[in-house]
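Taken together, the values in this text are just the output of simple stated rules run on the coordinates, not laboratory data. Everything numeric here is computed off the predicted structure, so don't read it as measured data. Don't worry about glycine lacking a Cβ; one is built from the backbone with ideal geometry, like all the others, and counts go over all protein chains shown.
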Amino acid sequence: MKVQFFILGFLLLFLNACEQTKSVQYYQEHPEEAKERSLECRDKAIISQDCINAYTVGFPKDEDETEEE
C-alpha cells in the first residue's frame, strides 16, 4: 500500500514539474501574462526557462541603465 502511494506521489510530482515552457515571442504577444508570470516566479522562488522568458519580456532592462558611464 505504501508503495502505491509513493508511486502515485512521484507521478504527480513528475507531471507537475513538466510544465509547458512558453517562448519569449509568446510573452511579447502577451505582455500582461509575462508580468504576472514573472511576479509568480519571484514570489514562489521558481527558476525555470519559462520564468526567464517571462522576466525578459515582463521587466525589460532600461537601456539608459546599461549605458551608464
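Points 7 angstrom from Cα along the Cβ direction at Glu36 and Met1: gap in nanometres?
Modelled inter-label distance: 4.2 nm.
Taking θ as phi - 60°, what are the ³J(HN,Hα) couplings along the range 26-43 by the Karplus curve (6.51, -1.76, 1.60), each to the nearest whole Hz, with x for Gly and Pro?
After applying 6.51 cos²θ - 1.76 cosθ + 1.60, I find 4, 5, 5, 7, 10, x, 5, 5, 4, 5, 4, 5, 4, 5, 4, 4, 5, 5 Hz.
With a 10 Å radius around each residue's Cβ, average the other Cβ atoms per peptide and rank 43-52, 22-31, highest first.
22-31, 43-52
Expected output is a single nm value to one decimal: the length gained when fully extending between Tyr26 and Asp43, i.e. 0.36 nm times separation in residues minus the C-alpha distance. What is it?
Result for the pair: 3.9 nm of gain on full extension.
Just to confirm a number: summing +1 for Lys and Arg and -1 for Asp and Glu over residues other than Thr56 whose beta-carbon lies under 12 angstrom from that of Thr56, what do you get?
+3
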